[in-house]
Amino acid sequence: MLDRTPPPRVLSVALVFTSLILLLAGPVLAQDGNVLFHQMLKDGLSLTDDVTAPLPAPTFLGSSNDTLPPSEVEKRLQKLARAGGVKRFVRNSAVAPIAIDTDSISNSEGQRIGHLLDVTFIVHAPLDWVQDSDALNSLLGVDPSADETEDAGAASQVSPEELAKLGIAPTAETESFGRISFPLLDRVMVEGVIHAETQRHIEGAPGDFVTVAWHLDPRFENSWSPIERDDLGKETTGDAKPYRGLGGLITATRLPAEIAGTNSEATIVQARFVVHEPVDWFGGRNQLRSKLPLIIQDRVRDLRRKLADSHTPSR
């Protein structure tokens, strides 16, 4: 559990993808079914030829993708909140706590090759507004309509013509394909295509939810490149190498009024990510695990402030 002053701004892979995936999935309205969602729960995400990382089931959805009763939601929030308590965890504040847990993923030789990040936080805005909000577009400075900059990534939809060349016929109501490019910790450039599948059940009822399953689609030429500097100090990228080890599950559910309070509409957001970290990225140093939690905290606070500036809770 983190509730500290964040370090200077550095790009975070986890919430970059929260922003990009929710943006790309924004128009989706699916009645039921999410093949990729269930596939990632059952089979996990392939990081290398011999390592597959399973993703835990969402905390605030039942096995049939139904939401939980308020008493069970409160019990699970208490586990996440730990000694701070549920009231403090769900309070309407930009600096309310954020539950962040990280686990290492190792190969058969015990070498760390990746990370599983589990992030849960509350935002005080309605579920449908949170999912459709333009505030998510600018989370971490990511602007899908802009060119890539030093501190931000870029995203764009893959055209139907590009998909057809690969024999991909997406289900318009549930699938999206976004081309992404972003620098990671000023050391690595990641480029490729994210495939996302969304289930969106929003009827203005307590049982509303949104789920997004996404991964770096292996049918495309995804890659990472080292970010280097030449003799004049100018930033360049080195030779591209194949990369596939990114994916995750995002869920958003309504925080029960009994917990949120009658004067506030609030949403529980949970993001679980798997990130493959080749040893060439940081020379075996534990850079991601040491930096990401505080960076994520900083970006969630930014998101909360944007939502607070744009939304006035119903009273």
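The values are calculated or read from the model by the stated rules, or taken from the named source; none is laboratory data. What you see is a predicted model; the values in this text were computed from it and never measured. Cβ placement follows ideal geometry from the backbone for every residue including glycine, while neighbour counts extend to all protein chains displayed. Only protein heavy atoms, including side chains, enter the accessible area calculation; ligands, DNA and RNA are left aside. Shrake-Rupley method; radii C 1.70, N 1.55, O 1.52, S 1.80 Å.
For segment 168-244 and segment 48-69, what is the centre-to-centre distance using only Cα atoms, to the nearest Å? Using only Cα atoms to place each centre, the spacing works out to 20 Å.
Each Lys and Arg adds +1 at its Cβ and each Asp and Glu adds -1 at its Cβ; summed about the Cα centre, segment 159-209 shows a dipole of about 200 debye. Taking the Cα centre of segment 153-272 as origin and assigning +1 to Lys and Arg Cβ atoms and -1 to Asp and Glu Cβ atoms, the resulting dipole is close to 220 debye.
When each of the peptides 208-219, 62-73 is scored by the mean number of other C-beta atoms lying within 10 Å of its residues, the order from highest to lowest reads 208-219, 62-73. The 1.4 Å probe gives accessible areas that order Val95, Val51, largest first, as Val95, Val51. Measuring spread by the Cα atoms of segment 193-310 yields a radius of gyration and Dmax of 19.4, 61 Å.
Remark: segment 269-282, residue by residue, has Karplus-estimated 3J(HN,Hα) of 10, 10, 10, 10, 10, 10, 10, 7, 10, x, 4, 5, 4, 10 Hz, where x stands for each Gly or Pro and the curve is 6.51 cos²θ - 1.76 cosθ + 1.60 at θ = phi - 60°. For Gly245, the amide hydrogen comes within under 5 Å of the amide hydrogens of His276, counting only partners 5 or more places away or on other chains and with H modelled in the peptide plane. Which residues' amide hydrogens lie under 5 Å from the amide hydrogen of Ser46, considering only partners 5 or more residues apart or on another chain, with H built in the peptide plane? Correct list: Ala53. Taken over the alpha carbons of segment 63-133 as equal point scatterers, the Debye sum produces base-10 log I(q)/I(0) values at 0.11, 0.15, 0.17 Å⁻¹ of -0.42, -0.71, -0.83.
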